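The values are calculated or read from the model by the stated rules, or taken from the named source; none is laboratory data. Please read these numbers as outputs of a predicted model, since none were measured by experiment. Positions of Cβ are backbone-derived with ideal geometry, glycine not excepted, and every protein chain shown enters the neighbour counts.
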Amino acid sequence: MTEGEHVTPSPLTGIGDKSKPSNANQTSTVDVLDDTQFNIKIFFSPSEVVNLQVNSSEIVQEIHHALTEREESCHRTCFSLQLNGNTLDLFADLKSIEGLTEGAEIHVVEERYTTREVRNHVKHIHELINSIKVRDAYAGRDQMSLSFLSSVTMGDIFERKPSKYDVSINFHPPSYIMPSPGVSEPPLVPLHPYNKEDNGLTCLRQLNYSNWNPPPPHRRLAGDLVYLVVHTLEDKRCHISACSRGFFVNQTTDDIFNPKPVQNAYVAHSLIDLLKQLSPAFKKSFENLLKRRSNKHPFERFPTPYQVYSWLSPQWEHTPDSVRKEEAFASRMACEENLPGQTRDWNDELQATRELPQAGLNDRLVRDRAIFKSNSDFVAAATRAAVSVVNGDIMAINPGETRKQQMFIWNNMFFSLGFDVKDHYKDLGGEAAAYVATSNDLNGVRAYSLLDQPGLCTLGTAIIDYRGYRVTAQTIIPGILEKEQEQLVVYGSIDFGKTVVDDARYHELLGKTAKNLRIRPHHVADKSGKEIELLSSVDCKGI
């Protein structure tokens, strides 16, 4: 809607119809996006230059991320970006950086490693050498999701379109969907985006963390950060030390610890550069890997903004992988999210993003990005925690209760299982009704959230189905655990209509949302027969 326009609600649709301004001299203005596109040059070295098109509304971190995805620089992770000798802040807007204009030259400067940066680098290299394989996408790891487009179209979207009279086109259906004797259902394997050539491309036999980790104190003082073991395609095992300057081969074996560098040791800032020196087969396979990656559409290669899970997966051969093991027993248990002083208050974060200004178009874009980022992080963390809840890795806050009645708190989130624990749905279908009711609760939260009514906040909510369990994750309101539920709820009912309460503040707020949600005011009688007017479902609770 532009400034100066008046909107008259339509009697049929309830949607406003535009009419001319009453003041003829009043000029209307259009909210225009304040950003521009320009080209910059990225210098890895005087002879290695990359041209990149950026948007002024982006942040420096997006350039950093783009460089880690490009074929020529994907093996770099620990570096900073400098403009005119000044290091750029990763979270600074490009339009706020002085001198960053068309044709600006940004130099990539290698930074010193820390233990955290080494682990991030190893994780990135591990993902890189397995990037064309779809195993992580089937497992739902690290925002990797399946893409069926190239598999279904057999790659013909990138090929020349056939002519009108091309007689080579085969209009016969594939054989695997035709009925076959003795087969009751068609096979599902042909529908999977499976490429034998991609899954057969191997760069290394193994890339593992060494059993000599962590470095002893005297080697820590000498600069050792992490020890790695590499098993090359030539059947050669090499022990590698990671220090602040990079990676080098040491004299350690599987039985003898000798962290000193080998003779004429080559220190490489990138692990990929060192592996190319150690293994000609790795160098050749890695070059083929980059070619396969470049042939894929960017949307197939990049992690998705939110995780998409596949309900069906082939059975993969299970191989030893210490990098996968480290992630399973560290980040997958969200240990790093629960370090002292670093826990995220999901409720405060989600509500704070909704309170960001939205006067101009740029403000609304920043606000929407912040909401999407916080919600995506919340869902990802809730999913990991829900898996741990079902697996029994998290202690319940009421361990004396039965499994169905247990509740859990983890990483500032509250978890409950989708069972009919108090027989509320006994006459409506029992456990099946309780299972569906959680979905309806989520739909209700989504409906009120989309209205974006000022002053009305909703709980961050996610539902996770895993191993036959339905887990509901919710953000925790400050102080809710110290009080009884009856003291907190001032609107609606907590016992399915036996007791109903009303509040003037909620009546005013929900009166604004009821019109958009097409909810008419209605009266609800509690067990004593007292009628109370509500503007929402009786199960909608106001706190």
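Report whether or not Tyr425 is assigned to a loop (DSSP other than H, G, I, E, B), buried (at least 16 other Cβ atoms within 10 Å of the Cβ) and of a type in the set (Phe, Trp, Tyr). Judged against the criteria, Tyr425 is a match.
Restricting the range 72-98 to residues that are aliphatic (A, V, I, L, M) and in a loop (DSSP other than H, G, I, E, B), the residue that is nearest to Phe44 (Cα to Cα) is Leu88.
Among the residues of the range 497-539, those identified as closer than 18 Å to Val445 by Cα and either in contact with a strand residue (DSSP E or B) (Cβ under 6 Å, 6 or more places away or on another chain) or in a loop (DSSP other than H, G, I, E, B) (or both) are Tyr506, Arg518, Ile519, Leu534, Leu535, Ser536, Ser537, Val538, Asp539. Residue-level check: of (1) of a type in the set (D, E, K, R); (2) in the same structural domain as Tyr209 (by TED's automatic domain parsing); (3) in contact (Cβ under 8 Å) with a residue 12 or more places away in the chain, Glu72 misses just (2).
Which is assigned to a helix (DSSP H, G or I) and not assigned by TED's automatic domain parsing to the domain that holds Gly140, of Val471, Val436? Only one candidate qualifies: Val436.
Condition check ((1) within 16 Å of Gln82 (Cα to Cα); (2) in a strand (DSSP E or B); (3) modelled with pLDDT of 85 or more) across all residues:
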residue	(1), (2), (3)
Gly14	no, no, no
Lys18	no, yes, no
Ser22	no, no, no
Ser28	no, no, no
Asp31	no, no, no
Phe38	no, yes, yes
Lys41	yes, yes, yes
Asn51	yes, yes, yes
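Tallying residues that are in contact with a Lys or Arg (Cβ under 9 Å, 6 or more places away or on another chain), among the aliphatic types (A, V, I, L, M) and surrounded by fewer than 18 Cβ atoms within 10 Å (Cβ to Cβ) within the range 434-462 yields 2. When you scan the range 373-387, do you find a residue that is within 30 Å of Asp93 (Cβ to Cβ) and among the hydroxyl-bearing types (Ser, Thr, Tyr), even just one? Yes, there is a match, as at least one residue in the range 373-387 is within 30 Å of Asp93 (Cβ to Cβ) and among the hydroxyl-bearing types (Ser, Thr, Tyr).
Using the structure shown, decide if Gly341 is of a type outside the set (Val, Ile, Thr) and modelled with pLDDT of 80 or more. So Gly341 fails the test.
Of note, Gln351 satisfies the criterion of being over 29 Å from Gly468 (Cβ atoms) and modelled with pLDDT of 90 or more. Go through the residues of the range 92-115 one by one and say whether even a single one is of a type in the set (Phe, Trp, Tyr), surrounded by fewer than 17 Cβ atoms within 10 Å (Cβ to Cβ) and at pLDDT 85 or above. Looking through the range 92-115, none of the residues is of a type in the set (Phe, Trp, Tyr), surrounded by fewer than 17 Cβ atoms within 10 Å (Cβ to Cβ) and at pLDDT 85 or above.
Scoring Ser241 on the criteria (1) surrounded by fewer than 18 Cβ atoms within 10 Å (Cβ to Cβ); (2) modelled with pLDDT of 90 or more; (3) within 33 Å of the chain's Cα centre (by Cα) leaves a single failure, condition (1). Go through the residues of the range 275-294 one by one and say whether even a single one is assigned to a loop (DSSP other than H, G, I, E, B) and at pLDDT below 80. Looking through the range 275-294, none of the residues is assigned to a loop (DSSP other than H, G, I, E, B) and at pLDDT below 80. Annotation note: Cβ proximity below 9 Å between a residue of the range 111-132 that is on the phi < 0 side of the Ramachandran plot and aromatic (Phe, Trp, Tyr) and a residue that is surrounded by fewer than 18 Cβ atoms within 10 Å (Cβ to Cβ) and not in a helix (DSSP H, G or I) (sequence gap 6+ or interchain) occurs for Tyr113/Ser244; Tyr113/Arg245. Pairs meeting the criteria (first residue in the range 479-492 and assigned to a strand (DSSP E or B), second residue at pLDDT 65 or above and basic (Lys, Arg), beta carbons under 9 Å, at least 6 apart or on different chains) are Tyr491/Arg505; Tyr491/Lys541; Gly492/Lys541.
Taking the criterion of being out of contact with any Phe, Trp or Tyr (no Cβ under 9 Å at 6 or more places or on another chain) and either at pLDDT below 80 or surrounded by 15 or more Cβ atoms within 10 Å (Cβ to Cβ) (or both), the residues of the range 528-543 that qualify are Ile532, Ser537. The residue that is modelled with the highest pLDDT, among those in the range 168-204 that are closer than 30 Å to Leu278 by Cβ and in a helix (DSSP H, G or I), is Gly200. The requirement of being charged (D, E, K, R) and either closer than 30 Å to Ile59 by Cα or surrounded by 18 or more Cβ atoms within 10 Å (Cβ to Cβ) (or both) is satisfied by Arg367. For the range 438-445, check the following and say yes or no: at least one residue is in contact with a strand residue (DSSP E or B) (Cβ under 6 Å, 6 or more places away or on another chain) and among the β-branched types (Val, Ile, Thr). There is at least one residue in the range 438-445 that is in contact with a strand residue (DSSP E or B) (Cβ under 6 Å, 6 or more places away or on another chain) and among the β-branched types (Val, Ile, Thr).
On the stretch given as the range 406-430, residues that are free of Cβ contacts under 8 Å to residues at least 24 places away in the same chain, farther than 18 Å from Val538 by Cβ and not aromatic (Phe, Trp, Tyr) total 5.
The requirement of being surrounded by 16 or more Cβ atoms within 10 Å (Cβ to Cβ), in a loop (DSSP other than H, G, I, E, B) and over 21 Å from the mean Cα position of the chain (by Cα) is satisfied by Ala396.
Taken together, Tyr491, Tyr506, Tyr466 contain a single residue that is surrounded by 11 or more Cβ atoms within 10 Å (Cβ to Cβ), of a type in the set (Ser, Thr, Tyr) and closer than 17 Å to Phe415 by Cα, which is Tyr466.
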